[in-house]
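In what follows, a single structure is set out as structure tokens and then discussed.
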Amino acid sequence: MNPMNRKTPRAVAKIVTAAALALSLSACISVFPEAEPATLYRFGGADVSVPKGPGGAALGVLKAPTVFTRASAGDRLLTSTQGEVAYIAGARWVSPASVLFEEAVASAFQADTGRARLIGRGEIAKADLVLRLEVRTFEAQYVNGPKAAPEVLVRVRGVLTKNQDRSLVSDRVFEARVKAADNRVSAIVPAYDQATAKVLGEVVAWVNAGGAASPN
């Protein structure tokens, strides 16, 4: 054997290590293939129309964290068809739906010129009312079959209590249905936006009225 071709134990160890590393990398590539990234969407940007309510002194409102149905609280778009639920593949909210909804609530009150004003937790003593919202339904419903354009349903329960003694002022359920223009994600998302805006318009008007019936 040619002495020049003879490999030392250290050289052999390096070759074995390199081969093992290459095998490991090839295994990683096969186990974790590249996937198409999901398209991100948002809601909460639609203008909120609030019916003009009665005048009066300003109302300080402490907003409690919104309770959101677990199935639709995350970043996936929930659908239902004849009792069966599923998520739209390849589509995600840019943030969890619960986060986007809270941002939409804050924006709706901030943009409105009515009596109600949301206050921070550092100003609890200034609050007249405490507002609690519970999002019970937030989904696209295929009421006419899986190939037809769905209807987005947003159903929210609102509870108003007095800050001083926590006595109940009003308890209402708000609901909006908006049919998507087509059975495409790009058409379904605006329906979410419009349904959310309709519900929040009613919620803000209700709070402005101090929990009384919202004007038509």
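The values are calculated or read from the model by the stated rules, or taken from the named source; none is laboratory data. None of the values given here were measured: they were computed from a predicted structure. Reconstructed Cβ throughout: ideal geometry from the backbone, glycine too, with neighbour counts over all protein chains shown. Side chains included, ligands, DNA and RNA excluded: accessible areas come from the protein's heavy atoms. Shrake-Rupley method; radii C 1.70, N 1.55, O 1.52, S 1.80 Å.
Accessible area per residue of segment 100-184 at 1.4 Å probe, in Å²? Numbers along the way, then the final one.
Details: 4480 Å² over 85 residues.
Accessible area per residue: 53 Å².
Note down the magnitude of the dipole of segment 123-216 about its Cα centre, charges +1 on Lys and Arg C-beta and -1 on Asp and Glu C-beta and zero elsewhere, to the nearest 20 debye. Walk me through the numbers before you get to the answer.
Details: 13 positive and 11 negative charges, 32 e Å.
Roughly 160 debye, rounded to the nearest 20.
Would you mind calculating the relative contact order of segment 83-216 from Cα pairs under 8 angstrom and at least 6 residues apart, reporting the percent as a whole number?
Numbers: 193 pairs, mean separation 27.2, N = 134.
Here the relative contact order equals 20 percent.
Assign one of three labels to segment 49-93, namely rounded, prolate or oblate, based on the Cα gyration tensor with a ≥ b ≥ c the square roots of its eigenvalues; rounded applies when a/c is under 1.5, prolate when it is not and a/b is larger than b/c, and oblate otherwise.
Because a/c hits 1.5 or more and a/b exceeds b/c, segment 49-93 counts as prolate.
Quick one: ranking Ser80, Ser186 by accessible area, 1.4 Å probe, largest first, what do you get? Don't jump to the answer; show the numbers that get you there.
On the way: Ser80 20, Ser186 65 Å².
I get Ser186, Ser80, largest accessible area first.
Among the DSSP beta bridges whose two residues both lie in segment 39-209, what percent are antiparallel, rounded to the nearest 5? All intermediate terms of the calculation are to be shown ahead of the outcome.
Values: 28 of 42 bridges.
Beta bridges within segment 39-209, antiparallel portion: roughly 65 percent.
State the Cα centre-to-centre distance between segment 53-104 and segment 153-205 in whole Å.
Going from one Cα centre to the other spans 9 Å.
Which of rounded, prolate or oblate describes segment 39-209 when judged by the alpha-carbon gyration tensor and an a/c cut-off of 1.5?
Details: a/c = 2.21, a/b = 2.06, b/c = 1.07.
In terms of gyration-tensor shape, prolate.
Could you please put Val173, Val189 in sequence from largest to smallest accessible area, using a 1.4 Å probe?
On the way: Val173 75, Val189 15 Å².
Ranked list, largest accessible area first: Val173, Val189.
Using a 1.4 Å probe, how large is the accessible area of Leu200, given in Å² and rounded to the nearest 10?
Per-residue accessible area (Leu200): approximately 10 Å².
So, with a 1.4 angstrom probe, what is the percent of accessible area on segment 26-176 that is carbon and sulfur?
Carbon with sulfur: 51 percent of the solvent-accessible area.
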